[in-house]
Amino acid sequence: MVAGGRPPSLKTERALFDDGAPIVLACDEVGRGALAGPVTIGLVLIDASVKRIPAGLRDSKLLPEPKREQLAPRAAGWVRAWAVGEASSSEIDQLGIMACLGLAGARAYRALAETCDVAAGAPLLLDGNYDYLSASIERRAHVITRIKGDRDCASISAASVIAKVHRDRGMRSSHDDLPVYGWAENKGYSTRAHFAAIEEHGPSALHRHTWLHDRSRLEEAAPALFDLGVG
């Protein structure tokens, strides 16, 4: 996997500043399609003084792991503030993935609000076409969904990279405790080697048990993720 395509821009963010927004928030998730580990939300805050986009910034899915690791601190230093929120595999089993996207997003929002002044009603750019966040943060921000926002909007790309690196590091740490599942390589996603390890050793506490009952259905629902370890 190599970085490709045109870089994201600040066109959408600049338009919001021109309309009078003092700050812009941006949000992206990673880990939604994994078999194990948390779902993770990255949230960043920028203002109109934001400088030139870090060189090489892209949607995290378009970057190889070493490049993401290099970019994450630069992305974090480029934005005015950032935070990460997570919902665990056990919470996903109990509540479902969509509820946990909102839960992780609310945790990221609270963490961000503890470190800086987040103006009520500030625009929040959310990757995708479904607003899973407004209800969870009690509509304290004006959520604007953007299909392929992680590719096109630099602030969302930064949130994507920060979240991906944070989650990957956690999965590598979990690999040290249970190396048989290969989490250092697959980060909890659907690979054939990962399924083989589950069949041999059974699921661990880090697995999403409700996701493991029907492998064929999972592969059919997420073919782009199977054997790729992305998202």
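The values are calculated or read from the model by the stated rules, or taken from the named source; none is laboratory data. Everything numeric here is computed off the predicted structure, so don't read it as measured data. Positions of Cβ are backbone-derived with ideal geometry, glycine not excepted, and every protein chain shown enters the neighbour counts.
Can you give me the number of residues within the stretch 149-186 that are without any contact (Cβ under 8 Å) to a residue 60 or more places away in the chain and either surrounded by fewer than 18 Cβ atoms within 10 Å (Cβ to Cβ) or in contact with a Ser or Thr (Cβ under 9 Å, 6 or more places away or on another chain) (or both)? Result for the stretch 149-186: 11.
With respect to K187, determine if the residue is touching a Gly at 6+ places or on another chain (Cβ under 6 Å) and of a type outside the set (V, I, T). Taking the combined requirement at face value, the residue satisfies it.
Residue selection: K67 fails the criterion of being at pLDDT below 95, of a type outside the set (A, V, I, L, M, F, W, C) and in a helix (DSSP H, G or I). For the residues L228, L212, the requirement of being in contact with a Pro (Cβ under 7 Å, 6 or more places away or on another chain), at pLDDT below 95 and not assigned by TED's automatic domain parsing to the domain that holds W82 singles out L212.
Condition check ((1) assigned by TED's automatic domain parsing to the domain that holds R32; (2) in contact with a strand residue (DSSP E or B) (Cβ under 7 Å, 6 or more places away or on another chain); (3) assigned to a helix (DSSP H, G or I); (4) more than 17 Å from I156 (Cβ to Cβ)) across all residues:
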position	(1), (2), (3), (4)
A75	yes, no, yes, no
D117	yes, no, no, yes
N129	yes, yes, no, no
Y132	yes, no, no, no
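Here V84, V79 are screened, and the one residue that is more than 22 Å from S174 (Cβ to Cβ) and in contact with a helix residue (DSSP H, G or I) (Cβ under 9 Å, 6 or more places away or on another chain) is V79.
Restricting the first residue to the stretch 85-98 and requiring it to be at pLDDT 95 or above and in a helix (DSSP H, G or I), which pairs with a second residue that is surrounded by fewer than 24 Cβ atoms within 10 Å (Cβ to Cβ) and aliphatic (A, V, I, L, M) meet a Cβ separation below 8 Å and a spacing of at least six or different chains? Short answer, once both residue conditions are applied: S89/A205; S89/L206; S90/A205; E91/L103; L95/L103.
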